[in-house]
Amino acid sequence: MKFIISLNILFITICTWANQPLLQNNYLRNGQSLNGRWHYIVDVYETGYYNYRMEPHDGTENPGSSAFFLNKKPKNKTDRIEYDFDAAPTMNVPGDWNSQKEKLFYYEGTVWYKKSFNVENYDASKRYYVHFGAVNYRADVYLNGKKLGAHVGGFTPFNFEMTHLLQEKDNFLIVKVDNKRAADEVPTLSTDWWNYGGITRDVTIYELDETFIEDYKIQLTKNNNKEVSIYIQLNGENKGNQNVSLSIPELKINKAFITDDEGYVAIKIPVKRVSYWSDTNPKLYEVTIAIAKDKVTDKIGFRTIETKGKEILLNGKKIFLKGISIHEENVMRGGRAWSMEDAKVLLGWAKELGCNYVRLAHYPHNENMIRLADQMGILVWEEIPVYWTIQWTNAETYQKAETQLTELIQRDKNRASSIIWSMANETPTSQERLTFLTKLATKARALDDTRLISAALEDHGKKEDKNIMIVEDEFAEVVDVLSFNQYYGWYGGEIDNIKNIRWEIDIDKPVIISEFGAGALQGFHADKMTRWSEEFQELLYEETLPTLAKIPGISGITPWTLVDFRSPRRTLLPYQDGWNRKGLISETGNKKKAFYTLKAFYENIE
Ligand code: GCB
């Protein structure tokens, strides 16, 4: 009997902690923001999570009073409680802890956060969700002393329903955030960026009706610019047989449908006279979906993206992707970027550089970036942190990668600017890795057949002739666009030999150079052959750009990278000092010489 009860508890636990369907377009729904100051406790030994036998408190039926998520207070003066959130300091959410608290600059471990709140216009007949834009890396979320769920993956959104635990007043939300790196995670132990920890994106409460619009996808049908494919999914006990309306007033579309027993409806609608979204015409249409007691409005652009032989076609026309790679950092403020203001700084610089395209490296960036890209007419490559060494044969690691990919596609599938899903970056070839990545690509295509699949692969010199560069990677057969990083002149190869190299590419696919670059300390001037000088970086760009332009099928480039970014790997003084210096802009916002070289190159491409 006891065994059955424990099994039941285990089962209920697993079910409630499984990822819950993501609320589509929470971005434009009205919610109650929980952003602001949160109390925090740094818990190096995870004392608030495990008892002294190292059993998680939240796995036991009666967690001891040292479980931080209970937010206990002493009942009387003799009572012993060895933590107190309300006496603990506060920090900003969203925000990484590294850039807010000097002592936490290098910290990798657990920090507990607590926010108390009342619900505005609380209505007991409604349903309530709490939504996190991202928490790096693992989040265990508790409301009023009970676990809502856990989420793994540092750069994608997640939400939990909390109707059953919420009250009108005096709620406390506690989040255990753990950013320890581990070999079986995605990313794994070694990367070239800062492992910013914390609740790094918005936290919002959504009030929803018993039946609400959970998800929808509204995009042009693959290879058909005269038809829109739509699906809508409702949530709630009465989701079946519901009336749903969809309107796009500017396209004179106003339709009504009825959901099936599962609350789902899929339809195709012919469209005429669409003003297609593009880099030169970032037209977004207002789309409204409504059911009896719920309504969402989104802004959606319609465009096709496809490849034909060695070309990338946007709305049927060949396009060259004038790009730049970007890390999600606001270096001038310090720390992870998260806000619309941060996005305006980064994409503003990209625009100034003459870009119509960006690579959001090396993980999903915050949603403001892609929303702003939609408005600005900037095409986007999005990726997940399947980076360098990953445990290819570990089924759980695969699942973590697939979950992050799914959550990214789920979030951005209605964004016209998003054109490429990238599966991986510079991963070493092997059969196991090929199986892993092919499975990921199949998943991406199943979730969304309207965008292109790629991955940042690697090239190397041919044995017989080191001036001939090749890409030997079976995953090239799987992708739609052949992309690779190349660092000739920086990580091998002499800078004055760049003009003599050429690429032999015998695959009939468009090519994107997903990275090239050189490190330079802004303000350090020397002759062109002196490493770390702005002149060296400038020369590398001057030599590399015309060489790349000769690659058959070259369809875009995203040099590495827009801005210097923090990386613990980069220790050389006085040049690096904890920064990867391959940015075209310094951490003080100053442009290096190569910025203007690339800008001039882009100006000369029509
Ligand atoms: C790469 C990686 C990127 C690094 C860069 C570098 O190939 O993809 O994450 O930051 O090289 O600077 O070495």
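The values are calculated or read from the model by the stated rules, or taken from the named source; none is laboratory data. Every value quoted in this text rests on a predicted model; they were computed, and no experiment measured them. Neighbour counts are summed over all protein chains in view; Cβ atoms, including those assigned to glycine, are modelled from backbone coordinates with ideal geometry. Only protein heavy atoms, including side chains, enter the accessible area calculation; ligands, DNA and RNA are left aside. Shrake-Rupley method; radii C 1.70, N 1.55, O 1.52, S 1.80 Å.
Being part of a loop (DSSP other than H, G, I, E, B) and away from the ligand (no atom under 16 Å from the Cβ) narrows it down to one residue among 416, 441; which is it? That would be 416, the only listed residue that is part of a loop (DSSP other than H, G, I, E, B) and away from the ligand (no atom under 16 Å from the Cβ).
All conditions in (1) closer than 23 Å to residue 244 by Cβ; (2) open to solvent by 10 Å² or more (accessible area, probe 1.4 Å); (3) not in a loop (DSSP other than H, G, I, E, B) hold for residue 210, with the sole exception of (3). Among the residues making up the range 25-64, those that are aliphatic (A, V, I, L, M) and either closer than 16 Å to residue 199 by Cβ or at pLDDT 95 or above (or both) are 28, 34, 41, 42, 44. Considering the range 419-433, the residues that are within 16 Å of the ligand (Cβ to nearest atom) and assigned to a loop (DSSP other than H, G, I, E, B) include one that is most open to solvent (accessible area, probe 1.4 Å), namely 429. If you go through the range 330-366 and pick out every residue that is among the aromatic types (Phe, Trp, Tyr) and open to solvent by 10 Å² or more (accessible area, probe 1.4 Å), you end up with 2. The number of residues in the range 540-587 that are of a type in the set (A, V, I, L, M) and within 16 Å of the ligand (Cβ to nearest atom) comes to 8. Applying the criterion of being over 30 Å from residue 276 (Cα atoms) and of a type in the set (Gly, Ala, Ser) to the residues of the range 199-250, the residue that is nearest to the ligand (Cβ to nearest atom) is 236.
Does any residue of the range 514-530 turn out to be free of Cβ contacts under 8 Å to residues at least 60 places away in the same chain and either over 30 Å from residue 577 (Cβ atoms) or among the small types (Gly, Ala, Ser) (or both)? Checked against the condition, which is being free of Cβ contacts under 8 Å to residues at least 60 places away in the same chain and either over 30 Å from residue 577 (Cβ atoms) or among the small types (Gly, Ala, Ser) (or both), the range 514-530 yields at least one hit. Residue 322 fulfils the conditions (1) of a type in the set (D, E, K, R); (2) in contact with a Cys (Cβ under 6 Å, 6 or more places away or on another chain); (3) free of Cβ contacts under 8 Å to residues at least 60 places away in the same chain except for a single criterion, (3). Only residues that are over 20 Å from residue 413 (Cβ atoms) and either open to solvent by 30 Å² or more (accessible area, probe 1.4 Å) or free of Cβ contacts under 8 Å to residues at least 12 places away in the same chain (or both) were counted in the range 216-254, giving 12. Determine whether residue 44 is of a type in the set (A, V, I, L, M), over 30 Å from residue 236 (Cβ atoms), in contact (Cβ under 8 Å) with a residue 24 or more places away in the chain and open to solvent by 70 Å² or more (accessible area, probe 1.4 Å). Taking the combined requirement at face value, the residue satisfies it. Has the range 533-556 got any residue that is among the aliphatic types (A, V, I, L, M), over 28 Å from residue 332 (Cβ atoms), assigned to a loop (DSSP other than H, G, I, E, B) and out of contact with any helix residue (DSSP H, G or I) (no Cβ under 7 Å at 6 or more places or on another chain)? Yes, the range 533-556 contains a residue that is among the aliphatic types (A, V, I, L, M), over 28 Å from residue 332 (Cβ atoms), assigned to a loop (DSSP other than H, G, I, E, B) and out of contact with any helix residue (DSSP H, G or I) (no Cβ under 7 Å at 6 or more places or on another chain).
Residues that are more than 16 Å from the ligand (Cβ to nearest atom) and touching a Lys or Arg at 6+ places or on another chain (Cβ under 8 Å) were ranked within the range 464-481; the one that is farthest from residue 425 (Cα to Cα) is 467. Identify all residues within the range 484-530 that are among the β-branched types (Val, Ile, Thr) and within 30 Å of residue 589 (Cβ to Cβ); write none if there are none. Selection gives 495, 498, 512, 513, 530.
This table checks each residue for (1) among the aromatic types (Phe, Trp, Tyr); (2) within 15 Å of the ligand (Cβ to nearest atom); (3) more than 30 Å from residue 605 (Cβ to Cβ).
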site	(1), (2), (3)
377	no, no, no
383	no, yes, no
388	yes, yes, yes
395	no, no, yes
436	yes, no, yes
459	no, yes, no
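Against the test of being open to solvent by 40 Å² or more (accessible area, probe 1.4 Å), more than 30 Å from residue 502 (Cβ to Cβ) and either free of Cβ contacts under 8 Å to residues at least 12 places away in the same chain or assigned to a helix (DSSP H, G or I) (or both), the options 588, 571 yield a single qualifying residue, 571.
If you go through the range 484-538 and keep only what is open to solvent by less than 10 Å² (accessible area, probe 1.4 Å), closer than 21 Å to residue 381 by Cβ and more than 16 Å from the ligand (Cβ to nearest atom), you end up with 510, 511.
Filtering the range 529-568 to residues that are under 13 Å from residue 516 (Cβ atoms) and hydroxyl-bearing (Ser, Thr, Tyr) leaves 541, 544, 547, 558, 561.
Can residue 79 be described as in contact (Cβ under 8 Å) with a residue 24 or more places away in the chain and out of contact with any Gly (no Cβ under 8 Å at 6 or more places or on another chain)? Against the criterion (in contact (Cβ under 8 Å) with a residue 24 or more places away in the chain and out of contact with any Gly (no Cβ under 8 Å at 6 or more places or on another chain)), residue 79 does not qualify. Look at residue 597 and say whether it is outside any loop (DSSP other than H, G, I, E, B) and open to solvent by less than 30 Å² (accessible area, probe 1.4 Å). In short, yes.
Within the range 444-470, restricting attention to residues that are touching a residue at least 24 places away in the same chain (Cβ under 8 Å) and in a helix (DSSP H, G or I), the residue that is most open to solvent (accessible area, probe 1.4 Å) is 447. Restricting 388, 421, 392, 381 to residues that are at positive phi and not basic (Lys, Arg) narrows the list to 388.
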